[in-house]
Amino acid sequence: MTETYLTQPIDEESARAVAEAGLRLSLVDTADAAAFDEWLLADFRGFHSGRYGTEVLVEARDYLSDRRTTAVYDDTIAAAASPVGTVNSWVAPLTVPGGAAIDSWAISSVTVAPTHRRRGIARALLGGELRTARDLGVPVAILTVSESVIYGRWGFGPATFAGEWRVDTKRVRWTGPATTGRLSFTEPEPYHETGYAVLGKVMAGRAGEIALSRYLADRLMGPLKGNPDADKHRLVRYDSAAGEPEGFVSYVVKGTDDFVRHTVEVTYLAAATDEALTALWRFLLELDLVAEVHIGTRGIDEPLPHLVSDIRGARVVGVEDHLWVRILDVPDALTARRYERDGDLVLEVTDDLGFADGRYRLRVTDGEGRVEATTDAPDVTLPVSSLSSIYLGHDAARALALAGKLAGDVDAIDRLFRTAVPPRLSTWF
């Protein structure tokens, strides 16, 4: 589908809306270095990043050229080559309950210049992305968000949550199982191909994870250009006792006034097996001259408290919404995943944008779902954002009902959609 989504024309409805505001919506030719650099600089500016030099821009052009890149321009100003709105997107396989991967429309780099607020730019960009995904037959859209108050209006719902941990390594000691396998330092470049294979196993092993592009994978293994801590990055690989690569951890060690109390900032911990997970956690907790380990984007079921001597020495300091999902095609989305219980439900789905509106009967037999349109009375009525929130197995149904965002047989929909292992996305995009 790569060529198709890269060449898909600009959404006409969004183009008209932008034109009525005196602006222009256009695809960016990523082969045009000057135009692509202007887009990249606008994206950096939107997220308050630095005004990076040539080295960073060359690397970014190489990594991001496979995304569908869109910009809004104001041709009336002198700096017309610089976009006042940005977004990019691509088709990313999303792991769903049962282990299958479904095509999803991944959306990133949504920015609006502060000089051009309240002119409908974000509405045009997001609406255009969803209509483009629908036209291409992609059943769900996904994004990770910097602000959680924006995307519900487009039918997205929070579908995975991520925990941030702080571990006092002077307070805890390892009480988990004896660890096996082999740990060794390595460098990102020679490890890349092996790391890709490890990440492929990690992403395929949990609902909510996505298949990673080269850019998304490489930045987990080592620093990209312009990273101020590049010289401090370390990469440790884990191989099983049989020599199979099953995990890695990348991290930075930061000093304090007390040399024996360094802080470890973990960039990413990849574990395709339980043996890799325990070995890498033990490695981090037993580093010499370290007092604290920081790590984010871990699943809400992280087993760490049960692997150390003092539960309060390993603290969750924050849990935040992470992956937001937006179902576009209800039958395709619901039949792609597996279910841990059988059942029969009629769902009335409401959608202000019209993509998922309808009444559907979901029949699950031996874990496999079948969906068909129906006129039968609904068992559950809910907006598409609520259906999207529970789609990957998160146990949100009862809370959504209490909030007035789901009505009907709450127990039945919770039993059918919830999974024993909660979904997780362990990275940003």
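Values quoted throughout were computed directly from the atomic coordinates according to the rules given, and no laboratory measurement underlies them. None of the values given here were measured: they were computed from a predicted structure. Positions of Cβ are generated from backbone atoms using ideal geometry, with glycine treated the same way; all protein chains shown enter the neighbour counts.
Brief remarks on what is shown
- Set of lysines with alpha-carbon distance to LYS201 below 30 Å, sequence-local pairs under 8 removed: LYS225, LYS232
- Computed from the C-beta positions of ARG173 and ILE300 and an R0 of 22 Å, the FRET efficiency is 0.35 to the nearest 0.05.
- Net charge dipole size for segment 123-192 [Lys, Arg +1 and Asp, Glu -1 on Cβ; Debye, nearest 20]: 320 debye
- The dipole here belongs to segment 163-321: it is taken about the Cα centre, uses +1 on the Cβ of Lys and Arg and -1 on the Cβ of Asp and Glu, and is about 180 debye.
- Farthest toward the positive end of the dipole of the chain, out of ALA101, PRO223, GLY318, is the Cα of GLY318, where the dipole comes from beta carbon charges about the Cα centre.
- Spin-label pair THR194-VAL316: with each label point 7 Å from Cα along the Cα-Cβ axis, the two points sit 3.4 nm from one another.
- Separation of alpha-carbon centers, segment 31-54 and segment 408-429, rounded to whole Å: 38 Å
- Max mean-square fluctuation residue, GNM over the chain, Cα-Cα springs under 10 Å, options GLU147, GLU209, GLU246: GLU147
- Most mobile listed residue (GLY247, GLY127, GLY255) in the chain, GNM with C-alpha springs under 10 Å: GLY255
- When the square roots of the Cα gyration tensor eigenvalues are ordered a ≥ b ≥ c, the ratio a/c for segment 2-138 is 1.5 or more and a/b does not exceed b/c, which makes its shape oblate.
- Gap separating the Cα centres of segment 234-252 and segment 73-117, nearest whole Å: 33 Å
- Mean residue ellipticity (222 nm) of the chain, computed from DSSP H runs ≥ 4 via -39,500 (n - 2.57), nearest 500: -8500 deg cm²/dmol
- In a fully extended conformation the segment linking ASP376 and LEU27 would gain 121.2 nm over its present Cα-Cα distance, using 0.36 nm per residue.
- Taken as entire DSSP H runs, the helices of the chain that both span 18 Å or more between Cα atoms along their own long axis and average -0.5 or more on the Kyte-Doolittle scale are 33-46, 121-136, 188-204.
- Largest GNM mean-square fluctuation among GLY296, GLY313, GLY157, using the chain with Cα springs under 10 Å: GLY313.
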